[in-house]
Each structure stands twice: as structure tokens, then as C-alpha cells.
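Worksheet for the structure shown next.
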């Protein structure tokens with residue numbers, strides 16, 4: 001059996017799923033989902049066209065989202081992708097709010113709101129991003145980044161919980 | 001201009017984007033390619049055109065979405081829709097809730113379950129198995145993911161297999177993603 005899909009999956013690696021796991025058969029049934037999740041992961045953190053968010057900034061925002069969800073292992077995975085010399089490293093700390101950089105402040109405020117309380121987001125929040133100079137394309141890139149990492153966090157937590165309890 | 005809907009409904013609204021969608025006649029080859037894999041669906045046109053601003057993500061996202069919603073085996077179609085609704089109600093995504101409540105009602109040929117969920121946004125009047133599914137999906141969706149061992153064991157006691165529980169994790173996670181696009185990038189407008 002070819003288990004490359006499992007070895008290459010960041011989500012299964014972070015959730016520390018072993019091939020002798022009691023839920024491995026269930027995961028195998030959904031191997032295509034884990035392959036596609038890995039493709040989306042690449043499109044999120046290391047895309048061909050990064051747009052207005054370089055790789056370090058993407059990884060830093062992702063790590064911050066994980067910390068806001070108390071998902072430390074995935075937060076550490078993303079934090080490890082950031083070069084220590086990058087200014088983006090500050091972003092991983094949820095108490096950092098941008099230090100007067102208008103663009104970064106707007107991005108982090110939006111990231112925190114949509115992560116923790118998506119129901120409270122409204123049209124005004126999109127206008128705030130535009131007002132701080134973020135392009136339409138980058139608003140979609142940021143939205144996908146925030147939304148996708150929130151997906152990843154639940155998959156990891158759900159699988160971990162299944163492994164422990166089933 | 002019509003004001004956005006704020007109450008849950010099983011009638012699928014129009015989705016009005018908050019940002020300019022890609023114009024089809026100006027789309028790049030990569031954007032066209034990413035949009036091609038999308039099934040034609042009610043009101044989804046504007047949404048896909050908005051997401052086409054990030055074609056690489058859209059290209060991976062559409063088959064992933066369909067794979068979780070429509071794969072054979074594991075959780076039934078109707079219980080997959082129930083999981084999608086639970087997460088969408090928690091995140092107050094009126095559009096996603098309407099689409100998936102509508103599908104649930106079609107599949108089950110009843111409106112009582114969704115009416116009961118809309119009335120109090122809890123699982124109060126559901127069967128034990130529906131309750132277990134609704135509660136687990138809701139708790140996995142919250143930022144603090146405050147589910148306990150009891151919530152997982154309730155799924156097992158209700159007769160869900162490991163394959164079904166994994167599918168429930170996947171669909172609930174998928175809507176943590178979908179709600180954060182649909183509810184953030186546009187408004188639901190009554191048709």
C-alpha cells in the first residue's frame with residue numbers, strides 16, 4: 001500500500017498519526033481529502049504567486065491564528081517556517097498589534113476578528129482593509145489564508161481527539 | 001439597495017459580494033482553469049468569481065469541498081448536511097445555513113429539524129443521534145474547541161462508526177473555512 005499521502009500530510013504529521021493508529025483505516029478511506037488538503041496548504045503558505053503577503057508573513061499570520069485557537073503544535077509548525085531575521089516573526093504573538101504600521105495593524109485586526117468571532121464581521125471590516133491600502137486580490141488571499149488555517153486547526157484537533165478516545 | 005438578511009432561512013438567498021469579482025472576459029488562463037472545476041450551482045457564480053482572485057487556492061478548494069460533501073461511504077448525505085448547518089449556525093453564516101438546510105430538507109423530505117434548529121439554535125428538539133452530531137460539530141467549530149470526551153463518546157453511543165466520525169470532523173472543519181469566506185466577503189440578500 002502506498003501511504004505517501006499520509007507521510008506528506010502536514011495535518012497528519014502535526015496530529016502525530018502513526019500508520020498503526022486505530023483510525024488509520026478511516027483516514028485511508030479519505031486519502032484523497034488529505035492529498036487535496038496538502039495542495040491547499042501549499043497554495044496557502046507557499047503559493048506560486050504570493051501577492052502582497054510573502055511566505056514569512058503568511059506563516060506568521062497562520063501561526064498567530066493557531067495560537068488564538070490554542071493549537072500549539074500547528075502554531076509551532078508555522079512559526080518554524082519563519083526566518084528569525086524576518087520582521088514577520090513578531091506577528092506570531094497574539095498580543096502584537098502592528099506597532100503603528102497601518103497595513104499590518106489592519107491585517108492583524110481583521111485576522112483576529114475573523115478567527116475568533118466570524119459572526120461579528122461586517123462590510124465595514126472589508127472597507128477598513130481597503131482603506132489601509134490592501135488590494136482586492138489581497139483581500140481574497142488574506143481571507144483564504146485565515147479561513148483555510150481555521151479548517152486545518154479543526155481537522156488536527158478532531159483527529160487527535162479521535163485517536164485518543166476511539 | 002436591499003439590506004442583508006440577518007435571520008436564518010431555508011430559502012436560498014442571493015449572495016452579494018462586498019468586493020469586485022473577477023470579470024469573466026478579463027480573467028487569466030489560470031483563473032479560468034480554477035473556475036472550470038466548479039459545478040454550476042444556484043447563486044454560486046459571483047462567489048466563485050470573487051474567489052478567482054486567488055486562483056491557486058480555488059483550484060485546490062473546489063475538489064476538496066466536493067470530496068468532503070459528496071464522497072461515498074462514511075457519513076450519510078443528510079447527516080453531512082446537518083454537520084454543515086451546525087457549524088454555519090454557530091458562525092451565523094446565513095447563506096451557508098440556507099443552502100445546506102435546504103439540501104437537508106430535500107434529502108429528508110421534512111422541515112421540522114431545521115425549523116427547530118432555527119428557532120433556538122440548539123439541538124433541543126432533535127433525536128439523540130442528531131443531537132450528538134449537532135453538538136459535536138458546534139463545539140469543534142468554536143474557537144476554543146471546548147468539546148469533552150463525553151461529546152465524542154455520545155457519537156459512539158449514537159452508533160456512529162469511526163468512518164462517520166471522521167467525516168463529521170471533516171465537514172465541520174470545512175465550514176470553519178467556507179463560513180469565513182461566504183460570511184466575510186459578501187452579504188445574503190433576499191431574492
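Coordinate-derived values only; no laboratory data. The shown structure was predicted, so the numbers you read here are calculated from the model rather than taken from an experiment. Ideal geometry is used to build each Cβ from the backbone, glycine not excepted, and the neighbour counts take in all protein chains shown.
The calculated FRET efficiency for the pair residue A:18 and residue A:81, based on their C-beta separation and a Förster distance of 35 Å, comes to about 0.90. Our summary of shape: the Cα atoms of the protein assembly as shown have principal axis extents of 52, 52, 39 Å, ordered from largest down, in whole angstrom. In plain terms, the chain from residue A:130 to residue A:8 could stretch by 40.2 nm, reckoned as 0.36 nm per residue minus the Cα-Cα distance.
In a fully extended conformation the segment linking residue B:128 and residue B:144 would gain 3.3 nm over its present Cα-Cα distance, using 0.36 nm per residue. The alpha carbon gyration tensor of chain A gives principal lengths a ≥ b ≥ c with a/c of 1.5 or higher and a/b greater than b/c, which makes the shape prolate. Just from its helices, what would the mean residue ellipticity at 222 nm be for chain A, if runs of 4 or more DSSP H residues each count -39500 (n - 2.57) and the sum is divided by every residue, rounded to the nearest 500 deg cm²/dmol? Estimated from H runs of four or more residues: -19500 deg cm²/dmol. Using a simple spin-label model with pseudo-atoms 7 Å out from Cα toward Cβ, residue B:72 and residue A:165 lie 3.1 nm apart. Taking only the C-alpha atoms of chain B, Rg followed by Dmax gives 16.9, 54 Å. Sequence-distant contacts, meaning Cα pairs under 8 Å at least 6 residues apart, place the relative contact order of region A:4-156 at 25 percent. On the principal axes of its alpha-carbon atoms, region A:70-120 has extents of 33, 27, 14 Å, going from largest to smallest.
Shielding by partners for peptide A:115-126, expressed as the average number of C-beta atoms from other protein chains within 10 Å of each residue's C-beta, is 5. Largest GNM mean-square fluctuation among B:81, B:115, B:30, using chain B with Cα springs under 10 Å: B:30. Remark: mean inter-chain Cβ contacts per residue of B:76-83 equal 0, using a 10 Å Cβ-Cβ cutoff to other protein chain atoms.
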